[in-house]
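Quick notes on the structure that follows.
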Amino acid sequence: MAQVESRMLDPREELPGLVELARQARVDVLKMLNRAGSGHTGGSLSAVDILVALFFGHMRLKADDPCWRMRDRFVLSKGHAAPALYAVLAKLGYLRPDDLMTLRQVNSCLQGHPDAKMCTGVECSTGSLGQGLGMALGLALGMRLDKLSSRVYALLGDGEMQEGMVWEAAMAAAHYRAANLTAICDNNGLQIDGRVAEVMNVEPLGAKWRAFGWNALEVDGHDMEAIVSALQTAAAHEAGPSIIIARTVKGKGVSLFENRASSHGVAPSDHELKVALRELGEVPLG
Amino acid sequence: MANEMATRLAYGEALVELGRRDQRVVVLDADLSGSTKTDLFAREFPQRFFNMGVAEQNMMAVAAGLAHAGKLPFASTFAIFAAGRAWEVVRQSIAYSAANVKIVASHGGVTVGPDGGSHQAIEDLALMRVLPNMVVIVPADGVEMKKVVETVAQVQGPCYVRGGRIKSPVIFEETYQFRIGKGVCLRQGKDVTLAACGLMVHQALAAAEWLAKERISAEVLNLSTIKPLDEDLLCQSAAKTGCVVTCEEHLVNGGLGGACAEALGERLPVPLERIGVRDTFGISGRPDELLEYFGLTPADIAAAAVRVMSRK
């Protein structure tokens with residue numbers, strides 16, 4: 001595992017490592033969802049590359065101290081992608097690999113949606129869409145008052161941007177010039193009931209966020225180098241908050257699930273898991 | 001004439017004192033700082049004051065984030081917006097994660113007055129009381145509000161504190177010590193228990209005076225903490241008097257009356273009457289007119305006392 005002692009990785013050096021970590025995280029996501037028997041496959045897979053880029057290619061964290069005061073903070077506003085976050089937290093060493101297979105079970109620290117009280121590395125409890133950006137802003141304002149150089153990251157879904165509260169938070173973050181806040185939109189274009197464009201169009205996202213006073217960047221959300229580079233660009237922007245609109249594919253990495261709204265809230269069956277793992281190059285057990 | 005003070009003004013003053021002592025204190029408001037009196041804090045500590053605009057939901061989420069960053073946020077707006085508009089955010093982002101956010105709402109109850117039913121929170125105590133982890137307090141006067149602010153700052157976890165718009169008589173001495181979950185017996189009696197919160201404590205004391213002239217001995221309890229309710233004090237009193245009248249500026253459902261009915265039903269079933277608003281919304285009018293209109297006067301409490309005693 002890459003050492004994650006308060007430093008910024010050079011993506012050119014670490015790129016192959018990040019890509020492999022993302023592959024492994026996808027395997028973990030599929031296994032834990034299969035074991036749980038329910039959960040959100042599509043939106044977890046679309047977010048994996050973003051999360052790996054963040055946690056292993058950008059954020060300041062200490063592997064041996066999840067509560068390090070100077071750490072960067074992450075809020076999973078699209079809380080239903082919890083399996084992807086848990087997979088990354090396990091790779092960081094904040095969770096034990098065994099924990100992953102307890103997802104959604106009674107007394108598991110891995111609740112269906114992230115619970116900060118129960119799970120190391122989860123900064124804020126989320127699951128009800130629209131609230132994570134406001135919490136991230138609160139964290140950012142609090143750390144600015146304490147003159148900490150830590151940054152705050154929030155991952156939102158594109159369907160989530162239909163929530164009015166997102167725009168309350170957008171307005172407030174620009175008003176308070178929260179330059180230590182970066183939002184990332186997992187722009188996979190699908191939500192439970194179908195295409196975002198058909199259910200309730202949120203585009204043009206870049207223009208909307210710019211109109212709200214944000215620095216908006218647009219990248220391919222599965223291009224590890226592009227994501228890490230955008231995160232660095234956003235961190236260097238000192239005038240106010242930034243958002244990275246990451247164009248992604250729902251269910252990315254598994255053709256059974258790619259670009260299907262039906263993959264939103266369904267866990268892979270045993271057969272689907274077998275097919276998916278083969279596609280991800282995972283050696284079958286026995 | 002007793003000394004009078006609005007609980008919201010007491011809150012604003014207490015917040016400034018707290019802010020001087022405790023650097024963790026930050027205050028959020030949603031464009032009502034002049035009414036909630038957080039403007040006093042804003043003037044003295046502009047760096048630690050965040051006006052979130054007319055966006056109560058986001059205010060609660062930002063408050064939760066500030067708490068997660070180690071701050072001690074007080075979030076204020078009118079009770080109807082704090083408890084009503086932002087309820088699900090309070091549930092998810094504050095109560096569910098036991099975030100250390102203190103929600104202090106002003107303008108609770110019908111004595112908001114002329115602004116009318118849209119602005120009169122008569123269901124906020126019920127909404128907040130059902131939330132796990134949430135402490136719910138309705139101070140009886142300005143002195144108790146100041147003590148409550150000092151106390152909630154020292155405990156970890158979410159609290160909802162309700163203040164009122166109008167001036168009300170000061171009941172407590174400055175030496176009064178408030179404790180979360182502990183009620184106070186303000187007047188001993190043996191025939192009937194009057195359990196009240198907020199400005200209805202004053203109304204209950206006035207009712208007890210009136211009843212005394214009729215040779216009825218009423219015990220008056222200030223149950224300012226609605227959750228956790230001081231069930232022991234309530235049941236001790238009810239065991240002595242044999243009947244209870246609850247008095248609140250709230251629907252009779254879900255607030256103090258509901259909490260007392262639940263506790264007495266489980267532990268000590270005695271005849272109970274609930275003074276409060278009955279399944280209707282508020283209307284415009286002067287506060288004193290509205291107290292009369294909704295049956296929240298000392299005369300109404302006394303009449304309920306006589307009724308409940310006849311059911312013993």
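Remarks
- Summarising the label geometry, the points placed 7 Å from Cα in the beta-carbon direction at B:Arg311 and A:Glu258 lie 7.0 nm from one another.
- Whole-percent carbon and sulfur share, accessible surface of chain B, 1.4 Å: 49
- Under conditions of 25 °C and 0.890 mPa s, the protein assembly as shown yields 96 µm² s⁻¹ as its translational diffusion coefficient, taking Rh as the Kirkwood radius over Cα pairs in the Stokes-Einstein equation.
- Surface analysis of chain B yields an accessible area of 37 Å² per residue, using protein heavy atoms and a 1.4 Å probe.
- In sequence order, calculated HN-Hα J values of the range B:106-120 (Karplus, 6.51, -1.76, 1.60; Hz; x Gly/Pro): 9, 6, x, x, 7, 6, 4, x, x, 4, x, x, 4, 10, 9
- Assigned charges on the beta-carbon of Lys, Arg, Asp, Glu; the protein assembly as shown dipole about Cα centre (debye): 740
- Loss of accessible area when A meets B, both sides summed, Å² nearest 100, probe 1.4 Å: 2000
- In order through the range B:53-62: 3J(HN,Hα) via Karplus (6.51 cos²θ - 1.76 cosθ + 1.60), integer Hz, x for Gly, Pro: x, 7, 8, 5, 5, 5, 4, 5, 5, 5
- Computed from Cα atoms, the angle from the helix A:42-57 axis to the main principal axis of chain A rounds to 60 degrees.
- Distance violations [Cα-Cα > 30 Å] among B:Lys146/B:Lys240; A:Lys31/A:Lys62; A:Lys208/A:Lys250; A:Lys78/B:Lys71; B:Lys102/B:Lys240: B:Lys146/B:Lys240; B:Lys102/B:Lys240
- Of the residues A:Leu45, A:Leu217, the one with the largest accessible area comes first in the ranking A:Leu217, A:Leu45, computed with a 1.4 Å probe on protein heavy atoms.
- Gyration tensor (alpha-carbon) shape descriptor, the range B:4-169, a/c threshold 1.5: rounded
- Relative to the longest principal axis of the Cα atoms of chain A, helix A:224-236 runs at roughly 20 degrees.
- Label sites at B:Glu88 and B:Gln156, each approximated as a point 7 angstrom past Cα along Cα to Cβ, lie 3.0 nm apart.
- With contacts taken as Cα pairs under 8 Å and at least 6 residues apart, the range B:184-309 reaches a relative contact order of 30 percent.
- For B:Glu219, distant residues with modelled amide H under 5 Å away: B:Gly189, B:Lys190, B:Asp191, B:Val192, B:Thr193, B:Leu194
- Calculated FRET value between B:Glu289 and A:Ala236, using beta carbons and R₀ = 56 Å, to 0.05: 0.35
- Normalised per residue, the accessible area of the range A:132-203 is 33 Å², obtained with a 1.4 Å probe and no contribution from ligands, DNA or RNA.
- FRET efficiency estimate (nearest 0.05) - Cβ-Cβ, A:Glu279 to B:Val130, R0 51 angstrom: 0.60
- Pairwise centroid distance, computed over Cα atoms, of the range B:168-226 with the range B:2-59, Å: 29
- Of A:Leu15, A:Leu181, A:Val266, farthest towards positive along the dipole that unit charges on Lys, Arg, Asp, Glu beta carbons give the range A:12-279: A:Leu181
- Carbon + sulfur, % of accessible area of the range A:41-174 - ligands and nucleic acids excluded, 1.4 Å: 50
- Dimensions in Å of the range A:1-130 - Rg and Dmax from alpha carbons: 13.7, 42
- The long axis of helix A:132-145 is offset from the longest Cα principal axis of chain A by roughly 50 degrees.
- Computed Kirkwood radius, in angstrom, where 1/r is averaged over Cα pairs of the range A:12-279: 18.2
- Pairwise FRET efficiency - B:Glu17 versus B:Arg267, Cβ, R0 = 25 Å, nearest 0.05: 0.05
- Positive end of the dipole of the protein assembly as shown (Cβ unit charges, origin at the Cα centre): among B:Gly282, B:Ile171, A:Leu100, the Cα lying farthest that way belongs to B:Ile171.
The values are calculated or read from the model by the stated rules, or taken from the named source; none is laboratory data. None of these values were measured; they are calculated from a predicted model. We place every Cβ from the backbone using ideal geometry, glycine too, and count neighbours over all the protein chains shown. Just so you know, the surface numbers come from the protein's heavy atoms only, side chains and all, with ligands and any DNA or RNA stripped out. Shrake-Rupley method; radii C 1.70, N 1.55, O 1.52, S 1.80 Å.
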